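Colleague: Just passing along the structure, written as C-alpha cells.
Coordinate-derived values only; no laboratory data. Note that the structure is predicted; figures quoted are calculated from it, not measured. Cβ: placed from backbone, ideal geometry, glycine included. Neighbour counts: every protein chain shown.
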Amino acid sequence: MTTDEPGDKAETIRDRLEEHLRLRPHLSERIHRELLMELHRRSVATIDSIHDEARRRAGEKQREILDDPNQPERDRWDDRERELVEEITREFVNEHFSAADIDDLVNLTLKREEVESLEYVSTQTNVSFRELADKIHRFCQLPLGETQLAPAEVVGTRVALARHFVSDQLEFIGIAKNHLRIRDFDDVTQRMIGNDNSIGRVGGKAAGMLLAHRVLADAEKGSDPYLPVAIPDSYFLRADVVEDFLRLNRLDEYQSQKYKPIEEVAREYPLIRGVFRNGDFPLRIVHALRHVLKQIGDHPLVVRSSSLLEDRLGTSFCGKYASVFLANQGPLEQRLRALLGAIAEIYASVLAPDPILYRREHNLLDYVEEMGILIQRVVGIQVGSYLFPPVAGVAFSRNEYRWSPRIKREDGLMRLVVGLGTRAVDRSGSEYPRMVALGEPTLRPESSVGEIIRCAQHTIDVVDLSTNRLRSIRLSDLPIAEGSFPMLDRLVSIHRDGELYVPTTQHIDTSLGNLCITFDKFLRSTPFVRRVRDMLSRLEDVYGAPMDIEFAIDDEKFYILQCRTLSLARESGPVTIPDNIPWRDVIFDAHRYIRTGFVEGIEYVVYIAPERYDAIETREKRIEMARAVGRINRTLPPQSFILIGPGRWGSNDIRLGLPVRYADINRCSVLIEVARQRGGFSPEVSFGTHFFQDLVEAGIQYLPLYPDDDGVRFNEEFLNESPNILGELLPDDAELSTDIRVIHVPTVAPDRTLTLAMDGETDTAVAYLK
C-alpha cells in the first residue's frame with residue numbers, strides 16, 4: 001500500500017487549481033479573491049499580511065500605518081503587486097487546502113458569477129421567458145457543492161423570479177423569498193407552457209401549492225414522515241396565454257362584461273361560455289399541449305383555474321372559477337380536443353356573474369384578470385375501471401364549528417371523503433364528509449349509530465375510465481377484488497347487530513352493503529391527524545395567518561392540491577341573550593351548532609317554507625325560485641334582510657335546497673337553513689365548503705334551525721300569515737308569492753325590527769322583535 005508524500009499532495013492541489021484557472025481565465029481574478037477571502041476566514045493568513053508580503057517581495061518599503069481618517073489606509077495595488085498577491089495566495093492554498101476545498105470554492109465562485117448574471121437579467125422588465133428560463137437552468141446545472149451561497153446573496157434573485165413567474169403580491173413575495181429556491185423555479189419553468197418571447201405567471205392557485213410544498217418538504221427533511229408531502233405531476237399554462245387566445249378569436253369585446261349590470265352578465269354568460277369553448281388556440285400552444293398529453297399518457301387529468309387574483313392573501317376566490325376533470329381516454333387528438341375545451345371553459349368562467357360580483361365587492365374590478373391553468377394528473381388508485389384517491393379532503397388551522405365544549409377553535413378542523421375531493425368542498429347529495437376536530441379526532445357530531453350511518457358518505461366521486469367521464473357511484477357498487485383497494489379496512493366500519501365495528505384485519509369478510517364509511521380505524525391507528533396538525537401549524541407559522549389546505553392521499557404520499565390563508569368570520573364580543581323576551585315576540589330560537597354573533601335592525605324576512613319547496617314537482621320551478629331570490633337580494637337594501645329556507649342553500653342536489661349562487665345571496669345579513677323531520681335531511685355543517693367561505697368573506701352569519709326539536713320555538717304564524725310584499729317589490733315575480741314570502745317587519749310590527757342574538761358559548765340563538 002502506498003501513501004502520497006507531502007510534495008505529491010501539494011503538486012496535486014497545484015495542478016487542480018491551475019486546471020480551474022486554465023478552464024476559466026475570465027474568472028481568474030474572482031477565483032483568487034475568493035481563495036484569499038477563505039484564507040482570511042480560516043485565519044490561515046490575513047489579507048493585510050499577504051499584502052505586506054507582496055510589497056516586501058516587490059522590494060517596496062512597508063508604509064507606516066497612520067491613525068488618520070483623512071489619509072488612505074493603504075495604497076492601491078499595482079499590477080506587479082496584484083500578481084504577487086495571487087502568487088502568495090496560491091502558495092498558502094497549496095499548503096493548507098485540499099483538492100476538494102479548491103473544487104468547492106471554485107464552484108462557489110461560479111455560482112456567484114451565475115447568480116449575479118441571473119439577478120441582472122431577472123430584474124429587466126422586458127426579459128423574455130426563454131432567456132430567463134435558460135439562465136435559471138444554466139445556474140442549476142452547477143454542482144451543489146458542500147458550500148452554499150448565503151441567503152442574502154440570492155434573495156434578490158428569488159424576489160425577481162417570484163415576481164416574473166409566480167405573483168406580484170408583495171405579501172406573498174415576502175414569504176416566498178425565504179422558501180422558494182432558484183432550483184424550484186427551474187423545475188417550474190421546465191413545465192411552463194407559453195410564448196417563449198413573452199413572459200407570464202403560473203397564477204395564485206399554483207403559487208400557493210408550490211410554496212406550501214416547499215415549506216412542508218423542508219420541514220420534514222432528515223425525518224421519515226408518515227405520508228411524505230408531494231404535489232401531483234403538474235404542468236402550468238401561463239396566465240399570459242389567455243391574452244393570445246382572446247386576440248386570436250377576437251373576443252376582446254367581452255372584457256367589458258365586468259362593468260355590466262349583474263343581471264345582464266348572468267343572462268349573457270351561457271352564450272359566452274359556448275363561444276369560448278369553441279375558440280381556437282395558437283398553434284404553438286396546441287403543439288405544447290399535445291406534447292404534455294404524450295408525456296402524461298392516458299392517466300386522468302384535472303384542469304384547474306389558477307388566476308392571478310386567486311388564493312392571494314386576503315382574497316381566495318373560493319370556488320369562483322371552473323375546474324374540469326378529464327378521464328383522458330381514447331385517441332390522442334380526441335384527448336387534446338377535450339383538454340382544449342376544458343381550458344377554454346375555465347377562461348370563460350372569468351366572465352361568470354359570481355367572480356365578477358366578488359371582484360366588485362373586493363374592489364378588484366379594474367385589475368386585469370389573467371387566468372393561468374394548472375394541468376395535473378389525478379391522484380388516485382384504480383379499482384376496476386374507476387380511478388379515485390382513497391382519501392381526499394380539506395383541513396383548516398381554525399375550527400369555526402364546535403359541537404362540543406371539548407373542541408378548541410385553535411385545534412383546527414378537517415373534512416374527509418373517500419374519492420375525489422369534490423364532496424369535501426361542495427354541497428352535494430344527502431350525505432356528509434367526515435368532520436374531524438383535529439384536537440379531538442374521535443369526537444363525532446353524531447350521537448347514535450343510526451345518525452352516523454344516515455349522515456355517512458355513501459357515494460364516491462370517481463373517474464370512470466370505461467365511459468370516459470366523471471361519475472358518482474355507491475360504495476356498495478365498487479368492484480372490489482382482494483387487495484384492489486389497499487386502504488379500505490382503515491376507511492370503513494362494519495354494520496352488524498345494530499353496532500359499528502372497525503375491521504380487525506385488512507381482509508373484510510362481509511358484503512359491501514354492510515360497510516359504512518367512517519374513517520374510524522384510519523383516525524385511531526395512524527398518525528394522520530397529528531401529521532395534518534403539524535403541517536397546518538408549520539404553514540401558519542410561515543404565513544403568519546390561519547391556513548386552509550386541500551389534499552389527496554394514495555396510501556404512499558400526502559399530495560398538496562391547494563393552500564391559501566383562511567378567511568375567518570369577524571370576531572364578535574360576548575353576546576348575552578335577554579331572558580325576559582315576551583313569548584309573542586320570539587320568531588324562532590335554536591340550540592345546535594351556534595356561532596357567536598349579533599345582528600339587529602333586520603327589516604325584512606325572506607322565507608321559503610320547507611313544505612312548499614318539497615311540494616314543487618319540477619326542476620325548472622325550483623331554479624326559477626332561486627333566480628327570484630337573487631332578484632330579491634339585489635332589490636332589498638344590503639344587510640337589511642335575512643334568508644330562511646329549507647335544507648341546504650346552494651346545494652348541487654336541487655331536491656335538498658334552492659340552487660342559489662353567490663350572486664343570489666351576497667347582500668343578506670343572515671342565511672338560515674331549516675331542517676324539518678319530515679324532510680329526511682338536515683342542514684349540512686357547511687364549514688369548510690366553498691359555499692361557507694363565501695358567507696364568511698361576505699360577512700354573512702349562518703344559522704341552522706331544527707324546528708321539530710323539543711323546546712324549540714318556531715313562529716310559523718308570523719312566517720306564514722304576515723303580509724307578503726313580494727308582488728309589490730317585484731311585480732314580475734308576483735306569481736311566486738305562494739312559494740316565496742317577503743315580510744316587511746315594521747309593517748307587521750309597527751316601529752319594530754328583528755334582532756338575532758347568537759351565543760356560541762351556551763349554544764343558544766334567539767330571533768325576536770325589538
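Colleague: Explain nothing, just compute: Karplus ³J(HN,Hα) = 6.51 cos²θ - 1.76 cosθ + 1.60, θ = phi - 60°, for every residue of region 588-604 in order, whole Hz, x for Gly and Pro.
Modeller: Here the 3J(HN,Hα) series is 6, 9, 8, 9, 9, 6, 8, 10, 5, x, 8, 10, 10, x, 6, 9, 10 Hz.
Colleague: Rounded, prolate or oblate for region 105-176? Axes are the square roots of the Cα gyration tensor eigenvalues, ordered a ≥ b ≥ c, and the cut-off for rounded is a/c under 1.5.
Modeller: Since a/c reaches 1.5 but b/c is at least a/b, the shape of region 105-176 is classed as oblate.
Colleague: So what are the three principal axis dimensions of the chain from its Cα atoms, in whole Å, longest to shortest?
Modeller: Largest to smallest, the principal-axis extents are 112, 66, 59 Å.
Colleague: How much FRET efficiency would the formula 1/(1 + (r/R0)^6) give for Asn363 and Arg496, where r is the Cβ-Cβ distance and R0 is 51 Å, rounded to 0.05?
Modeller: 0.35
Colleague: Taking just the C-alpha trace of region 73-212, give me its Rg and Dmax in Å.
Modeller: 19.0, 59
Colleague: What's the FRET efficiency of Asp614 with Val586 using the Cβ-Cβ distance as r and R₀ = 25 Å, to the nearest 0.05?
Modeller: The computed FRET efficiency comes out at 0.50.
Colleague: May I ask you to give the average projected area over all directions of the convex hull of the Cα atoms of region 496-572, in nm² rounded to one decimal?
Modeller: Dividing the Cα hull surface by four gives the mean projection, 8.5 nm².
Colleague: Now, a different point. Would you mind getting the Kirkwood hydrodynamic radius of region 242-325 from its Cα pairs, rounded to one decimal in Å?
Modeller: By the Kirkwood definition, the hydrodynamic radius is 15.4 Å.
Colleague: Specify, per residue and in Å³, the volume enclosed by the convex hull of the alpha carbon atoms belonging to region 685-770.
Modeller: Each residue corresponds to 160 Å³ of Cα convex hull volume.
Colleague: So what are the three principal axis dimensions of region 382-512 from its Cα atoms, in whole Å, longest to shortest?
Modeller: Ordered largest first, region 382-512 gives principal extents of 46, 35, 24 Å.
Colleague: Name the shape class, rounded, prolate or oblate, that the alpha-carbon gyration tensor gives for region 367-420, where a ≥ b ≥ c are the square roots of its eigenvalues, rounded holds for a/c under 1.5, and otherwise prolate holds if a/b is larger than b/c and oblate otherwise.
Modeller: oblate
Colleague: Taking region 435-489 on its own, what percent of its Cα-Cα pair distances exceed 13 Å?
Modeller: 74 percent
Colleague: Given contacts defined as C-alpha pairs under 8 Å and at least six residues apart, what's the relative contact order of the chain, whole-number percent?
Modeller: In percent, rounded to a whole number, it is 10.
Colleague: Sticking with this one: Give me the distance between the Cα centres of region 380-417 and region 497-565, rounded to whole Å.
Modeller: Centre-to-centre (Cα) distance: 6 Å.
Colleague: Of Asn715, Thr755, Leu703, which is farthest towards the positive pole of region 700-770's charge dipole, taken about the Cα centre with +1 and -1 on the beta-carbons of Lys, Arg and Asp, Glu respectively?
Modeller: It is Thr755, whose Cα lies furthest towards the positive end.
Colleague: Where Rh denotes the Kirkwood radius from the mean inverse Cα pair distance, what is Rg over Rh for region 467-531?
Modeller: Using Cα coordinates only, the ratio equals 1.01.
Colleague: If you put +1 on each Lys and Arg Cβ and -1 on each Asp and Glu Cβ, how big is the dipole of region 248-319 around its Cα centre, in Debye rounded to 20?
Modeller: Using only the charged Cβ atoms, the result is roughly 220 debye.
Colleague: Taking region 263-421 as the region of interest, what is the percent of Cα-Cα pairs per 5 angstrom bin, listed from the shortest bin to the one with the maximum distance?
Modeller: 1, 8, 13, 16, 16, 15, 14, 9, 5, 2, 1, 0, 0
Colleague: Further question: So what are the three principal axis dimensions of region 721-770 from its Cα atoms, in whole Å, longest to shortest?
Modeller: Principal axes ranked by extent give 44, 24, 17 Å for the Cα atoms.
Colleague: Same structure, new question: Provide the three semi-axes, in whole Å and in decreasing order, of the ellipsoid equivalent to region 217-278 as defined by the square roots of 5 times the Cα gyration tensor eigenvalues.
Modeller: They are 42, 16, 11 Å, listed from largest to smallest.
Colleague: Using 1/(1 + (r/R0)^6) with R0 = 45 angstrom and r between the beta carbons of Lys621 and Asp579, what's the FRET efficiency to the nearest 0.05?
Modeller: FRET efficiency, Lys621 to Asp579: 0.55.
Colleague: OK, next. Which whole-number percent gives the relative contact order of region 483-638, counting Cα pairs below 8 Å spaced six or more residues apart?
Modeller: RCO, region 483-638: 12 percent.
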